[in-house]
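The values are calculated or read from the model by the stated rules, or taken from the named source; none is laboratory data. A quick note: this is a predicted structure, and the numbers were derived from the prediction, not measured. With ideal geometry, Cβ positions are generated from the backbone for all residues, glycine too; neighbour counts draw on all protein chains shown.
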Amino acid sequence: MIFEATYPNPIPEEGIRGCVPVAKFWDSLVGPEMEDVDRELAIWLFLYNGSTQDGIDLPPSINFHGRTIFLRYRKI
């Protein structure tokens, strides 16, 4: 079972380049220099509180107060 969500482009006026801060956030989680507990905290904060990457505010991925979460169910 896979649940997929959509995420808003944090800089929509830049088109697909506006998504670079989101990609950089996920890339920052890769590598042996980051402890698992720090990686888990970074993901939790991104999902529920939002994050900042290169000075760009990234909204929370999951927000139960006024934001619709688009999920698509796909059976594999």
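Beta carbons closer than 9 Å, at least 6 apart along the sequence or on distinct chains, pair a first residue in the range 13-27 that is without any contact (Cβ under 8 Å) to a residue 12 or more places away in the chain with a second that is surrounded by 13 or more Cβ atoms within 10 Å (Cβ to Cβ) and part of a helix (DSSP H, G or I) for E14/V20; W26/F46. Scanning the range 49-69 for residues that are within 10 Å of the chain's Cα centre (by Cα) and modelled with pLDDT of 85 or more returns G50, S51, L58, P59, P60. Of all residues in the range 23-60, those satisfying the criterion of being assigned to a loop (DSSP other than H, G, I, E, B), of a type outside the set (V, I, T) and within 23 Å of I11 (Cβ to Cβ) are S28, L29, N49, G50, D54, G55, P59, P60.
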